[in-house]
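Asks: Take a look at this one; I'll ask things after.
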Number of protein chains: 2
Amino acid sequence: MKREKIPAIVVTRLSIYLRSLAILAQHDVEVISSRHLADMCGINPAQIRRDLSYFGEFGVRGVGYYVNELLFEIRKILGLDKQWRLALVGVGNLGLALLKHPEFQNQRYTFVLAFEKDPKKIGTIVEQLTIAPLNAMNRLVKEKQVEIGVITATPEWAQKAADSLVRAGVRGILNFAPLQLKCPGHVFVEDADFTIKSDALCYKLTSLEPG
Amino acid sequence: MKREKIPAIVVTRLSIYLRSLAILAQHDVEVISSRHLADMCGINPAQIRRDLSYFGEFGVRGVGYYVNELLFEIRKILGLDKQWRLALVGVGNLGLALLKHPEFQNQRYTFVLAFEKDPKKIGTIVEQLTIAPLNAMNRLVKEKQVEIGVITATPEWAQKAADSLVRAGVRGILNFAPLQLKCPGHVFVEDADFTIKSDALCYKLTSLEPG
């Protein structure tokens, strides 16, 4: 299913709605008022309505949203109604933390491969994965039908890791390394590098009056 | 120093320029052409000029930018010409990875405290920090003059962690927990939760034609 391009910020907010709805579903809440959902998300109710209107009609006037129904629909919109197959590149502390992270051990994401360039780590087993060498990437990524590469390599070899992933046919990269990856146009890259966020925080603390 | 509000995206790009300039400085590059810097950052030269023009005049026509000078200026703009004192809340796998991360062990950031609610972890030492209980937060945060709280707690107690940090006087929070924190207006929160980024990537892979 191919859609019109939706503003990136709308997609971000869908992800925020999804998190709140998932918490509600865990607590067996069946219906939520639009005001309550908005409050949980820190976003106003009109904005939620506008965002959802890109994708169809959701919610019932005077009632609110049916939690499981909206959860199901947003998962479908985001493409999270399937499990994505990930390969980790760089099994340092951050890489290990991601392998063990609940977000990547649920029904939406699963790591099927882990790569390292450090010979001491290659062949060892972490989270039921045998750490593989970089030169096996092309073969293994195809064999395991990896869809997303997660890069936690150091800046020095992150670009090489991205190049190898792309050569092996990966079309999506989640990049934790603090550098701008250069990838061909058919590859989507999302930067998850938190140093950008910590720098932005320091800027605000230094230069802005408290809001 | 208090300035006019600069668009968040400009601040983000300053952080990207900073990363590239730091790599250049490490390699003893003294001058870089505006085109070469733009290429490293994946941003066009005119955009870089426009972004920098918010803060003054940088670069020399026909020459480019003096690496160390621009590095120094951008650090000053972002408030990174000092070392920020951080407290970690939640010493799980991700928290440990952050404590050991090179970005948080440099001249710009230093962890001075780590908190946990798990009694088995309290009192143990990680990266030269003795893990402290939550009920010591108020006293310790003031004593150590913490400026930024880094939350890697689970969603269930992340809000409580934020409330305690704010009560203890912290004005900046870097939040890795997958939920929207509610904080008073004088507190700045930056979300570093990567699940938003992975969801956005899945959306693109599902719904967009390759660019």
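The values are calculated or read from the model by the stated rules, or taken from the named source; none is laboratory data. As the structure is a prediction and not an experimental result, all values here were calculated from the model. Because the Cβ atoms are built from the backbone with ideal geometry, glycine has one as well, and the counts that use them run over all protein chains shown. Quick note on the areas: whole protein, heavy atoms, side chains included, nothing else; ligands and nucleic acids left out. Shrake-Rupley method; radii C 1.70, N 1.55, O 1.52, S 1.80 Å.
Asks: Straight-line reach from B:Lys160: which lysines have a Cα under 27 Å away, not including same-chain ones fewer than 8 places off?
Replies: Within reach: A:Lys100, A:Lys197, A:Lys204, B:Lys100, B:Lys117, B:Lys120, B:Lys121, B:Lys142, B:Lys144, B:Lys182, B:Lys197.
Asks: A further question follows. Give the relative contact order (percent, whole number) for chain A; include only Cα pairs under 8 Å separated by 6+ residues.
Replies: The value is 13 percent.
Asks: Still on this model: Cα centroid distance between the stretch B:130-164 and the stretch A:1-76, in Å?
Replies: 31
Asks: Give the ranking of B:Lys76, A:Lys160 by solvent-accessible surface, highest area first, calculated with a 1.4 Å probe. Don't skip to the answer; put the middle values down first.
Replies: Details: B:Lys76 80, A:Lys160 140 Å².
The ordering from most to least exposed comes out as A:Lys160, B:Lys76.
Asks: May I ask you to evaluate 6.51 cos²θ - 1.76 cosθ + 1.60, the Karplus curve with θ = phi - 60°, for each residue of the stretch B:10-24 and list the ³J(HN,Hα) values in order in whole Hz, giving x for glycine and proline?
Replies: With coefficients 6.51, -1.76 and 1.60, one gets 5, 4, 4, 5, 4, 5, 5, 4, 4, 4, 5, 4, 5, 5, 4 Hz.
Asks: Of the options A:Phe72, A:Gln26, B:Phe111, report the single residue whose Cα projects farthest towards the positive end of the charge dipole of the protein assembly as shown (beta-carbon charges: Lys, Arg +1; Asp, Glu -1).
Replies: A:Phe72
Asks: Can you give me the % of accessible surface on the stretch B:17-155 that is carbon or sulfur? Probe 1.4 Å, all protein chains present, nothing else counted.
Replies: Answer for the stretch B:17-155 is 49 percent, counting heavy atoms of protein chains only.
Asks: Say a site is exposed when it is one of the GluC sites (Glu not before Pro), sits in a DSSP loop, and has at most 13 other Cβ atoms within 10 Å; what is then the longest site-free stretch of chain B? Walk me through the numbers before you get to the answer.
Replies: Values: sites that count: B:Glu4, B:Glu30, B:Glu57.
Answer - B:58-211.
Asks: Further, regarding this structure: Please work out how much accessible surface B:Ile16 shows to a 1.4 Å probe, ignoring ligands, DNA and RNA, in Å² rounded to 10.
Replies: Number for this one is 20 Å².
Asks: Here's something else I'd like to know. Give the nm distances, rounded to one decimal, from B:Glu103 to the matching residue in every other copy, measuring between label points 7 Å along Cα toward the beta carbon; shortest first.
Replies: Spelled out, the distances from B:Glu103's label point are 1.2 nm.
Asks: Might you work out the accessible area of B:Arg85 for me, using a 1.4 Å probe with all protein chains in place, and round it to the nearest 10 Å²?
Replies: 80
Asks: Oh, and also: Provide the three semi-axes, in whole Å and in decreasing order, of the ellipsoid equivalent to the stretch B:8-77 as defined by the square roots of 5 times the Cα gyration tensor eigenvalues. Intermediate results must be reported in sequence, preceding the final value.
Replies: Values: eigenvalues 50, 35, 29 Å².
That gives 16, 13, 12 Å for the three semi-axes.
Asks: Could I ask something else about it? Mind checking the dipole of the stretch A:147-202: about its Cα centre, +1 per Lys or Arg Cβ, -1 per Asp or Glu Cβ, Debye to the nearest 20?
Replies: 180
Asks: Could you state the accessible area per residue of the protein assembly as shown in Å², with a 1.4 Å probe and every protein chain left in place?
Replies: Accessible area per residue, the protein assembly as shown: 47 Å².
Asks: Oh, and also: Once B and A are treated as a pair rather than alone, how much accessible area drops out, both sides summed, in Å² to 100, probe 1.4 Å?
Replies: Buried: approximately 6500 Å² between A and B.
Asks: Under 8 Å for C-alpha pairs, at least 6 residues apart: give me the relative contact order for the stretch A:1-90, rounded to a whole percent.
Replies: 34
Asks: Could you tell me the calculated FRET efficiency between B:His27 and A:Ser53, based on Cβ-Cβ distance and R0 = 60 angstrom, to the nearest 0.05?
Replies: That gives a FRET efficiency of 0.75.
Asks: Rounded to whole Hz and in sequence order, give me ³J(HN,Hα) for the stretch B:79-89 from the Karplus expression 6.51 cos²θ - 1.76 cosθ + 1.60, θ = phi - 60°, writing x for Gly and Pro.
Replies: x, 9, 8, 9, 9, 8, 9, 10, 10, 8, 10
Asks: More than 31 Å apart: what percent of Cα pairs in chain A qualify? All intermediate terms of the calculation are to be shown ahead of the outcome.
Replies: On the way: 7334 of 22155 pairs.
Within chain A, distances greater than 31 Å cover 33 percent of Cα pairs.
Asks: Helix A:195-207 sits at what angle to the longest principal axis of chain A, using alpha carbons and giving 0 to 90 degrees rounded to 10?
Replies: Taking Cα atoms only, the helix is inclined about 50 degrees.
Asks: With a 1.4 Å probe and all protein chains kept in place, how do A:Ile43, B:Ile74 rank by accessible area, largest first?
Replies: A:Ile43, B:Ile74
Asks: Taking H as built 1.01 Å from N, whose amide H comes closer than 5 Å to the amide H of B:Tyr109, not counting residues under 5 places away?
Replies: HN-HN under 5 Å from B:Tyr109: B:Trp84.
Asks: Charges at C-beta only: +1 for Lys and Arg, -1 for Asp and Glu. How large is the resulting dipole of the stretch B:50-202 about its Cα centre, in Debye rounded to 20?
Replies: 420
Asks: Hey, what do the phi angles of the stretch A:170-181 turn into as Karplus ³J(HN,Hα) couplings, whole Hz, using 6.51/-1.76/1.60 and θ = phi - 60°, x for Gly and Pro?
Replies: 6, 10, x, 10, 9, 9, 9, 7, x, 7, 7, 6
Asks: Let me ask you something else. Search the structure for amide H atoms under 5 Å from the amide H of B:Val189, placed 1.01 Å from N in the peptide plane, and list their residues when 5 or more places away or on another chain.
Replies: HN-HN under 5 Å from B:Val189: B:Ile173.
Asks: Would you mind checking which residues have amide H under 5 Å from B:Ala177's amide H? H placed 1.01 Å from N; only 5 or more apart, or other chain.
Replies: Distant-sequence amide H within range of B:Ala177: zero hits.
Asks: With +1 on each Lys and Arg Cβ and -1 on each Asp and Glu Cβ, and nothing else charged, work out how big the dipole of the stretch B:56-139 is about its Cα centre, in Debye to the nearest 20. It would help to have the intermediate numbers written out before the result.
Replies: Values: 11 positive and 8 negative charges, 54 e Å.
Around 260 debye, computed over the stretch B:56-139.
Asks: Pick from A:Val63, A:Val112, A:Val150 the residue whose mean-square fluctuation is largest in a GNM of chain A, springs joining Cα atoms under 10 Å.
Replies: A:Val63
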